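Okay, structure first, notes after.
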Amino acid sequence: MTWDQPHWSGKLKSSAGPRQKLRPNAFARLARFCAAYRMVVVVMAIVIAVGLALFAASRLTIDPDQQPRIALDETTAKRQATLSRQFPGVEQTFLAVVSSQDPETARQQATALATMLRQRSDVFLSAFVPGTGDFYLTNALLYRNLDDVRFRVDVLLQMEPLYHAMAAAPDIMGFTALVSEIGKAVEQGRSPPGLEAMLLAASATIEAQVKGKPRPLNWAALAGLDGEVNSRRWYVLATPVPGAEPLAAAVARQASNGMQGVSWLWPRRALAASPSQLRDFVVPASLSIFLTLVLLVAALGSLRQALSIMLSGAVTLSAAAAAAAALGRPLDGATWSFALTVLAPVIVAGGVLTIAYGQGRSRGLAPLQAIMLAAHRQGGFITAVILLFVAVWLSWLVRQLPSLNHFAVIALVGCAAAWIVTLTVLPAALALTAARQAEEEPHWLDDALGENGKPPGRGVLDVAAMVLLAAAVFSAVFLPAMRFGERQLPSFPPPLLETPDARGAIHILSPPAQVPGLVARLSALPEVGAIRTAQQFLPPDAAPKIAELNRLQALTPFDPVFRDRPDDATLRESFDDLQQQLNSIANGPASSPELRDAATRLRRAVALFIAPDAPDEQRVAALEKAMFGGLGAVSQLAQKLAVLRPPGPSDLEPELRRRFLSEDGTWRIEVMPRSGTGELSFAASIRRAVPQAAGEPIVSLVRNEMIHHEAILALATALVAASVLVLAALRSLRGLVLSIAPAVAFITLTAAVTVMLEISINAAMLAGISAAVAVLVACSMLVARRLAATGAAVSAHTLPLRAVLLPPLTLAGAAAPLVISSRPAVAELGAALAMLMLISAMLVLLLVPVMARWLDALSEPVPQPAARD
């Protein structure tokens, strides 16, 4: 079949002769068929798109903060698996800091919080408070210095007769007799040392009885044998079930809601907040659609044509989303961003076809003729553009980056859908929405770009292109310094070295014999801020302290023997005598200020206890039990301390032992970075010193190296494949240079920007860079093809420069609204993609035309000097 090709002016000249017959190719025939059945094609496209979108919406799950899947090397993966198996959840430990002005309140609050978390065994593997438990109760004295231990043993041996006397008469009368002896000493001008604490403890016990809140007197603490609670800050270490970190964090927050002075330090996985669908996705997506439509209308000059491209993009996006859902994997930090990159080929190809169609319409062609001619002229180029994108994504398909492999499969489906939709749905939509009258030209953007006259400022453009090219060449030095890696959720506040905080730690598994040497080697590294092993939780220099405690073997046992209750008159007389003796001590000139205050407080407590009526038998018995019931614990604890042996790592509390010692005896060394040290620098330093190191910083370093290596290979492969396609499509070395050079400049300039701004290129940004490179090469091909045309072909076969600017500017507008998302990964990618597309537009607009003039100047023959006669 042939059709009359009208003169491009829209009018036939009298001398033009018969019109040239043009045989339609396969693209034109397909466009004619779709345009003829435009309503059916459009309705079917909408139905298919809606069905695919519903399928994708019911199956897809998205988490932009989830780390992309990257295949670690076998050695690193094995070490991480060993760490997770021998010390499950150690890298995701929650740390609660519990503070209070009262040390005992802080300790009790921390213990209560740990108990509540242990009850949630569905989300927590363990929860405990370091410094509590039988191990610390038994070995508390060993954590004190040697002189303090010696002093406590001496005092206890000196006070042995007092304890025996109290055990022989553990009642009010016996206590009154003891206070009488203190009063006699004061009358003799002496103030017995060390008894103030006993009087104050007795006061507290009596006051508690008055309030109805019994508080037994702690005789072991009075004797100086137990672990005194003097820390105002206690810690809770909670290990969540792997994979349940966000839920466990919510449970921990709820458990501590009613407590004061509790602050949490979370690992990165627990920081992933539940997404706000409205702010994170719905609002940015709505703005992207609106800005895309606005930019398409501005570039095309027609709302009808813009809506046609929007329909093509919606069908393509639905197909790609359905493919992502069919793969059955959740979208992670790399694959979630497939939408913008999938739209790139349909925007480029659809823009080319639509602008070619608009040219035909503006020159008087009927809608069907304009559609067929556009498909006939641009179908091959559109296919080349789609193949260019296919080549880019195929280069990622063979790399060892599972998330980008997954991304490439989705993008390849999008490329196939874009090609089909551009050649079928778009012609049908253009025919369906065609205006009755041809649109006027020239377009305002064509005038701005100098399409209808000599472009202004040619010298200025040459200078700008030279500066840009020089900057791109210079920026090549930044390529080795590019940083690759995933965005990490922030650790705030930074790791606290003076606490059990293990965020950002590197872990080294070692047999016990090698631990001292490894610790010495690690201590010499300037990047190391703290080193923790099981040994540091044992009491230092235990042997001489235990030798002092062995002296307690001379202490004879004493247990309280409660006597029958005396009659009321005797009891009343004892209380009166006790008050009188306390009054004498409080007013005695020889009493020390501490003893005087203690006696005064005890006298007031006794007065409250016996007023207004004398206490009954039950109250007195309860008071005596509270005051003297724990007296026997002193001798029992002393006997235990007298035969104490030096503790070892296996004697630690079970929860603490499991954090540092595995069941097979392997030790875990926990290494923390010095404040201000970068994660990758810290990991590289530790790995050089101890190659068997494991942990999240090591994984981040390996992932960085893996992405760096695979990205270079993928981008190099993509550029080679693109060069072959460009050469085949343009059949010109000049066109190859003009099409590939901007892409190379784009890569070097991107390297310079990321290095100077200290930006790490993650997997999602790599996908965006790949799409930008494909868009840039396709647009450069458009310019190269335009510049290569001569004569009448300039009018018949080329597109205006707005066809070159439409794809990068539209995609930049589509990406920009993502910056308002509350998810950092979404916002950062939106800003990065918008910047990349704007750089692409600048390069293709400035660099390609100027380079073409330079190449033309170089190819002109050198004028020969005229020969002299």
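Remarks
- The number of residues in the stretch 651-664 being of a type in the set (D, E, K, R), crowded, with 16+ Cβ neighbours inside 10 Å and in a helix (DSSP H, G or I) comes to 4.
- Residue in the stretch 621-634 that is β-branched (V, I, T) and at pLDDT 90 or above present: no
- Checking each residue in the stretch 586-598 for being open to solvent by less than 10 Å² (accessible area, probe 1.4 Å) and among the hydroxyl-bearing types (S, T, Y) picks out only S591.
Residue-by-condition table, conditions (1) over 26 Å from N139 (Cα atoms); (2) under 48 Å from the mean Cα position of the chain (by Cα); (3) without any contact (Cβ under 8 Å) to a residue 24 or more places away in the chain:
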| position | (1), (2), (3) |
| --- | --- |
| S203 | yes, no, no |
| L217 | no, no, no |
| N230 | no, yes, no |
| R233 | no, yes, no |
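- Applying the condition of being in contact with a Pro (Cβ under 9 Å, 6 or more places away or on another chain) and in a loop (DSSP other than H, G, I, E, B) to the stretch 632-650 and asking which residue is surrounded by the most Cβ atoms within 10 Å (Cβ to Cβ) yields P647.
- Filtered residues of the stretch 681-732 (kept if basic (K, R) and open to solvent by 50 Å² or more (accessible area, probe 1.4 Å)): R687, R688, R731
- Top-ranked residue in the stretch 495-514 [being open to solvent by 10 Å² or more (accessible area, probe 1.4 Å) and at pLDDT 90 or above; ranked as farthest from the chain's Cα centre (by Cα)]: A513
- Qualifying residue in the stretch 560-571 (condition: assigned to a helix (DSSP H, G or I), open to solvent by 80 Å² or more (accessible area, probe 1.4 Å), modelled with pLDDT of 85 or more and of a type outside the set (V, I, T)): no
- Selection count where residues are modelled with pLDDT under 85 and either under 26 Å from L404 (Cα atoms) or among the aliphatic types (A, V, I, L, M) (or both), scope the stretch 753-792: 16
- Only a single item in (1) modelled with pLDDT of 90 or more; (2) closer than 24 Å to N762 by Cβ; (3) more than 19 Å from the chain's Cα centre (by Cα) is not met by G695, and it is number (3).
- Residue count, the stretch 88-107 (criterion: more than 25 Å from R269 (Cα to Cα) and surrounded by fewer than 16 Cβ atoms within 10 Å (Cβ to Cβ)): 4
- Every pair of residues 6+ apart whose Cβ atoms lie under 7 Å, when the first sits in the stretch 237-266 and is farther than 14 Å from V97 by Cβ while the second is of a type in the set (S, T, Y) and not in a helix (DSSP H, G or I): T239/T93; T239/S126
- The stretch 808-836 residues that are farther than 18 Å from F338 by Cβ and of a type in the set (S, T, N, Q), paired with ones that are surrounded by fewer than 20 Cβ atoms within 10 Å (Cβ to Cβ) and modelled with pLDDT under 85 (beta carbon under 8 Å, 6 or more apart): S822/S276; S822/R279
- Selection within the stretch 43-74 - surrounded by fewer than 19 Cβ atoms within 10 Å (Cβ to Cβ), over 22 Å from the mean Cα position of the chain (by Cα) and either modelled with pLDDT of 90 or more or of a type in the set (G, A, S) (or both): V43, M44, I46, V47, I48, V50, G51, A53, L54, F55, A57, S58
- Scan of the stretch 108-132 for residues that are surrounded by 15 or more Cβ atoms within 10 Å (Cβ to Cβ) and among the hydroxyl-bearing types (S, T, Y), ordered by number: T111, S126, T132
- Count of residues meeting criterion [out of contact with any strand residue (DSSP E or B) (no Cβ under 8 Å at 6 or more places or on another chain) and farther than 18 Å from D559 by Cβ] in the stretch 622-651: 9
- For N583, the criteria (1) part of a helix (DSSP H, G or I); (2) open to solvent by less than 30 Å² (accessible area, probe 1.4 Å) hold in every case but one, which is (2).
- Every pair of residues 6+ apart whose Cβ atoms lie under 6 Å, when the first sits in the stretch 757-770 and is over 15 Å from I747 (Cα atoms) while the second is of a type in the set (A, V, I, L, M) and in a helix (DSSP H, G or I): A763/L404; A764/L829
The values are calculated or read from the model by the stated rules, or taken from the named source; none is laboratory data. No experiment lies behind these values; they were computed from the predicted model shown. Glycine gets a Cβ as well: all are built from the backbone with ideal geometry, and neighbour counts include every protein chain shown. In case anyone asks, the SASA skips ligands and DNA or RNA and just uses the protein heavy atoms, side chains included. Shrake-Rupley method; radii C 1.70, N 1.55, O 1.52, S 1.80 Å.
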